[in-house]
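This report refers to the structure that appears directly beneath it.
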Amino acid sequence: MLSRPAHRVTLLCVLILAALPSAAWGAQVRTGERVEVAGPTDDDVYAAGGQVRIPGAVVGDVFVSGYRVDFSGSTAGSLNVGAREIAAGGQVGGSARLAGQDVSVSGNVAGDLLAAGQTVAVGAQGVVGRDLVLAARTVRVQGRVNGRITGTAETLTISGIVSGVEVSAGRLVLEEGARVDGDLVYTSETRARVADGAVVTGRLVHRRPAEGSGGSPAL
């Protein structure tokens, strides 16, 4: 059963799709308990279902709402998903906006990645071409972020390569092999744990939360 936050995310996506019939005119619209977009599609794709799989190539933008969404294909446009479980292992030519309970990115996002959820993971093979914007409880970044990591998380763990960090986090960890090619600026009650072998080429700035802010940046 969907949790209340996940249900609201899914409902919001369905309402957005329903409110934009002109945008879907001539596009591929798929609904059902199990939905698969396998073939090449020369327009935008709108899909809603229990389980949605997109292994094919899409020329336009992709809008999906469902319980579990697996995106292993490609889109020349943006990827927009609201679901309980999201696995994005394909190629996104634009930006990706992903909201769910569990969000996993193991593919290539050429633009920005906006990710909100209980858990957010950028796998070892994952690449974000620009910024990674977060609102999550637990975040792990093993891949590469060519822009900055910004936003809030209860726990942020980095073992990959990023170009800068400016976050609010209850706990920030840089594991061995992590590299920040720029400044590491974070707001937290506790100091970051930086392992031996982790590298920060710019400034390392620790800021305390403002008085009365509550301290923990829980989603």
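Points to keep in mind about this one:
- Criterion (within 24 Å of VAL103 (Cα to Cα), without any contact (Cβ under 8 Å) to a residue 40 or more places away in the chain and open to solvent by 20 Å² or more (accessible area, probe 1.4 Å)) met by exactly one of GLU175, GLU189: GLU175
- Among the residues of the range 159-172, those that are free of Cβ contacts under 8 Å to residues at least 40 places away in the same chain and open to solvent by less than 50 Å² (accessible area, probe 1.4 Å) comprise SER159, GLY160, VAL162, SER163, GLY164, VAL165, VAL167, LEU172.
- Residue within the range 116-129 that is among the aliphatic types (A, V, I, L, M), part of a loop (DSSP other than H, G, I, E, B), out of contact with any Phe, Trp or Tyr (no Cβ under 8 Å at 6 or more places or on another chain) and over 29 Å from ASP43 (Cα atoms) present: yes
Condition check ((1) farther than 26 Å from GLU85 by Cβ; (2) modelled with pLDDT under 95; (3) part of a loop (DSSP other than H, G, I, E, B)) across all residues:
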| position | (1), (2), (3) |
| --- | --- |
| VAL133 | no, no, no |
| VAL139 | no, no, no |
| GLY170 | no, no, no |
| GLY177 | yes, no, yes |
| GLY182 | yes, no, yes |
| THR190 | yes, no, yes |
| HIS206 | yes, no, no |
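- Any pair with Cβ under 8 angstrom, 6 or more apart, that starts in the range 128-150 at a residue that is among the β-branched types (Val, Ile, Thr) and ends at one that is open to solvent by 70 Å² or more (accessible area, probe 1.4 Å) and assigned to a strand (DSSP E or B): VAL128/ARG144; VAL133/LEU114; ILE149/GLU166; THR150/GLU166
- Among the residues of the range 142-189, those that are more than 15 Å from the chain's Cα centre (by Cα) and at positive phi comprise GLY164, GLY177, GLY182.
- ALA57 open to solvent by 30 Å² or more (accessible area, probe 1.4 Å), touching a strand residue (DSSP E or B) at 6+ places or on another chain (Cβ under 8 Å) and over 20 Å from ALA124 (Cα atoms): yes
- In the set (1) surrounded by 18 or more Cβ atoms within 10 Å (Cβ to Cβ); (2) at pLDDT 95 or above; (3) more than 20 Å from the chain's Cα centre (by Cα), the condition left unmet by GLY73 is number (3).
The values are calculated or read from the model by the stated rules, or taken from the named source; none is laboratory data. These numbers come from a predicted model, not from an experiment. Neighbour counts are summed over all protein chains in view; Cβ atoms, including those assigned to glycine, are modelled from backbone coordinates with ideal geometry. Only protein heavy atoms, including side chains, enter the accessible area calculation; ligands, DNA and RNA are left aside. Shrake-Rupley method; radii C 1.70, N 1.55, O 1.52, S 1.80 Å.
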